[in-house]
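S.K.: There's a structure below that I have some questions on.
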Amino acid sequence: MQRGFLYCFIGVKIVNIVMFGQKRLSREGGVEIVVKELCTRMAKLGNQVTCLNRGGHHVSGAKYDSNNAYDGIVQKSVPTIDKKGLAAVSSSFFASWLAAFGKYDVVHIHAEGPAFFAWLPKVLGKKVIVTIHGLDWQREKWKSGFGSKFIRQGEKNAVKYADEIIVLSKGVQEYFLSQYNRHTHFIPNGVNRPEIKDAELIKQWGLEKDSYILFLGRLVPEKGIRYLIEAYKNIHTDKKLVIAGGSSDTDAFANELKESAKGDDIIIFTGFVQGQLLDELYSNAFIYTLPSDLEGMPLSLLEAMSYGNCCLTSDIPECAEVVEDKAVTFKKSDVNDLKEKLAWLLSHEDAVHTYKENAADFICHKYSWDDVVEKTMELYK
């Protein structure tokens, strides 16, 4: 008996859902990971799921392009002007038209920029859900110009036109209440319990179990990687620093980081990683660090803890809420405090191993993708 028929038989309503705002179902960013996790699970429950993906190449380059198919998910590529600042706007515009005029029950929009077009499916009678993945206008690249105005208006349009708004952190929930007197639903991201991998492929960089400190994420200013490199260069350690991740839109910042690390051959830039390489990097790190100034809800932090990592993060609420007392935090943007906390962990291996032992059970119990799907589907009714 097919799953969809079974769910109709037992009285569970099948929903026809369309999502847009993501680049595609990939690991290019947090939005993409969230959409993939939601869509694959919703499709398995028998729902009809369509993803309207951005055209163009993978953010880290054409060599990472792939056409991943997932059972029960229809993926459509929408027209996209493949230029910085226009790709997200143009793809969201065309996606909103397809969503508005398609035979969908629910239009689920991801991120503030794409929410600019929430009005269109709304005026055509669709139920509109918007997930705010973070206050994107605070990001370095959107602090001025057209992009900033577009994103801020997207936020206002979400408030005005969305039937329901999902937020990923308590801080953003409080922001919408104080700024707009708008009720939102706090549904944080989930995490999967992974399979731990031995060091094999990462040996290409001379890496072994517990031989390195890991950062994994997009190479953008708000991730605080500048602080990490500066702090690390002022610590005496034989542990390597691995910076794993690709650029976003432009290589300028990545090149700046590489220049700042020049002459230090134990700072390794891997570029974008996925699959077994990603698993091995998470599985064998001595410490994982996330020194961000700004986050929505840091999926990489959840993933790092799910692999049993000792984590060192900035004390921004979006990180502190996640780790509670199961990780070490330092003062946001404070290189000296980051250096001191990192040096302390490197000299207290017993503490590192205690954090490692507790991390996975804690985070996998606290955050579940199945719970996220259940709570999200409730809002579709």
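S.K.: Need pairs with beta-carbon distance below 9 Å; first residue part of a loop (DSSP other than H, G, I, E, B) and within the stretch 350-368, second surrounded by 14 or more Cβ atoms within 10 Å (Cβ to Cβ); sequence gap 6+ or separate chains.
M.R.: Every condition considered, the pairs that remain are 367/188; 367/189; 367/190; 367/191; 367/302; 367/306; 367/322.
S.K.: Does residue 95 fit the bill of being in a helix (DSSP H, G or I), touching a helix residue (DSSP H, G or I) at 6+ places or on another chain (Cβ under 8 Å), at pLDDT 95 or above and within 29 Å of residue 317 (Cα to Cα)? Quick ask: steps written out before the conclusion?
M.R.: Working: in a helix (DSSP H, G or I): yes; touching a helix residue (DSSP H, G or I) at 6+ places or on another chain (Cβ under 8 Å): yes; at pLDDT 95 or above: yes; within 29 Å of residue 317 (Cα to Cα): no.
No, not satisfied.
The rows are residues; the columns are (1) modelled with pLDDT under 80; (2) in a strand (DSSP E or B); (3) of a type outside the set (D, E, K, R).
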{"site": "23", "(1), (2), (3)": "no, no, no"}
{"site": "59", "(1), (2), (3)": "yes, no, yes"}
{"site": "70", "(1), (2), (3)": "no, no, yes"}
{"site": "85", "(1), (2), (3)": "yes, no, yes"}
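S.K.: Return the pair list, or none, for Cβ contacts closer than 8 Å from residues in the stretch 310-328 that are in the same structural domain as residue 300 (by TED's automatic domain parsing) and more than 22 Å from residue 347 (Cα to Cα) to residues that are acidic (Asp, Glu) and buried (at least 24 other Cβ atoms within 10 Å of the Cβ), at least 6 apart or on different chains.
M.R.: Sorted first by the residue in the stretch 310-328, then by its partner, the pairs are 316/295; 318/295; 319/295.
S.K.: Where residues in the stretch 178-222 are acidic (Asp, Glu) and either without any contact (Cβ under 8 Å) to a residue 40 or more places away in the chain or over 19 Å from residue 33 (Cβ atoms) (or both), which of them is surrounded by the most Cβ atoms within 10 Å (Cβ to Cβ)? Lay out the reasoning, then the answer.
M.R.: Looking only at the stretch 178-222, we keep the residues that are acidic (Asp, Glu), and these are 195, 198, 200, 208, 210, 222.
Checking which are either without any contact (Cβ under 8 Å) to a residue 40 or more places away in the chain or over 19 Å from residue 33 (Cβ atoms) (or both) leaves us with 198, 200, 208, 210.
On the way: 198: 12, 200: 11, 208: 12, 210: 15.
Result: 210.
S.K.: Here is a list: 221, 298. Which entry is more than 15 Å from the chain's Cα centre (by Cα) and at negative phi?
M.R.: 221 is the lone residue from the list that is more than 15 Å from the chain's Cα centre (by Cα) and at negative phi.
S.K.: Another question, then. Which of (1) farther than 24 Å from residue 34 by Cβ; (2) touching a Leu at 6+ places or on another chain (Cβ under 7 Å) is the odd one out, the single condition residue 340 does not satisfy?
M.R.: For residue 340, the exception is condition (2).
S.K.: Is it true that residue 347 is in contact (Cβ under 8 Å) with a residue 40 or more places away in the chain, among the small types (Gly, Ala, Ser), surrounded by fewer than 19 Cβ atoms within 10 Å (Cβ to Cβ) and assigned by TED's automatic domain parsing to the domain that holds residue 255? Spell out the reasoning first.
M.R.: Working: in contact (Cβ under 8 Å) with a residue 40 or more places away in the chain: no; among the small types (Gly, Ala, Ser): yes; surrounded by fewer than 19 Cβ atoms within 10 Å (Cβ to Cβ): yes; assigned by TED's automatic domain parsing to the domain that holds residue 255: yes.
No; evaluated as a whole, the condition is false for this residue.
S.K.: Out of 352, 373, which single residue is of a type in the set (Val, Ile, Thr), in contact with a Leu (Cβ under 7 Å, 6 or more places away or on another chain) and more than 30 Å from residue 106 (Cα to Cα)? Talk me through it step by step, then tell me what you get.
M.R.: Working: 373 fails: more than 30 Å from residue 106 (Cα to Cα).
Answer to the selection: 352.
S.K.: Going by the structure shown, is residue 103 part of a loop (DSSP other than H, G, I, E, B) and more than 28 Å from residue 300 (Cβ to Cβ)? I'd like the intermediate steps shown before the answer.
M.R.: Numbers: part of a loop (DSSP other than H, G, I, E, B): yes; more than 28 Å from residue 300 (Cβ to Cβ): yes.
For residue 103, the condition - part of a loop (DSSP other than H, G, I, E, B) and more than 28 Å from residue 300 (Cβ to Cβ) - is met.
S.K.: Of these, 379, 338, which one is in contact with a strand residue (DSSP E or B) (Cβ under 7 Å, 6 or more places away or on another chain), more than 30 Å from residue 49 (Cβ to Cβ) and in contact (Cβ under 8 Å) with a residue 12 or more places away in the chain? Steps first, answer last, please.
M.R.: Working: 379 fails: more than 30 Å from residue 49 (Cβ to Cβ).
Result: 338 is the single residue among 379, 338 that is in contact with a strand residue (DSSP E or B) (Cβ under 7 Å, 6 or more places away or on another chain), more than 30 Å from residue 49 (Cβ to Cβ) and in contact (Cβ under 8 Å) with a residue 12 or more places away in the chain.
S.K.: Right, another one. Would you check which residues across the stretch 261-291 are surrounded by fewer than 20 Cβ atoms within 10 Å (Cβ to Cβ), touching a residue at least 60 places away in the same chain (Cβ under 8 Å) and not in a helix (DSSP H, G or I) and list them?
M.R.: Hits for the stretch 261-291 are 268, 270, 271, 274.
S.K.: Also, quick follow-up: For the stretch 358-365, does any single residue satisfy the condition of being surrounded by 16 or more Cβ atoms within 10 Å (Cβ to Cβ), within 30 Å of residue 16 (Cα to Cα) and modelled with pLDDT of 95 or more?
M.R.: Yes: one or more hits.
S.K.: Residue check, residue 326 against (1) assigned to a strand (DSSP E or B); (2) touching a Phe, Trp or Tyr at 6+ places or on another chain (Cβ under 7 Å), all met but one. Which one?
M.R.: Every condition holds for residue 326 apart from (1).
S.K.: Of all the residues that make up the stretch 144-161, how many are at pLDDT 95 or above and of a type in the set (Val, Ile, Thr)?
M.R.: Total satisfying the criteria: 1.
The values are calculated or read from the model by the stated rules, or taken from the named source; none is laboratory data. No experiment lies behind these values; they were computed from the predicted model shown. Glycine also receives a Cβ, built like all others from the backbone with ideal geometry; neighbour counts cover every protein chain displayed.
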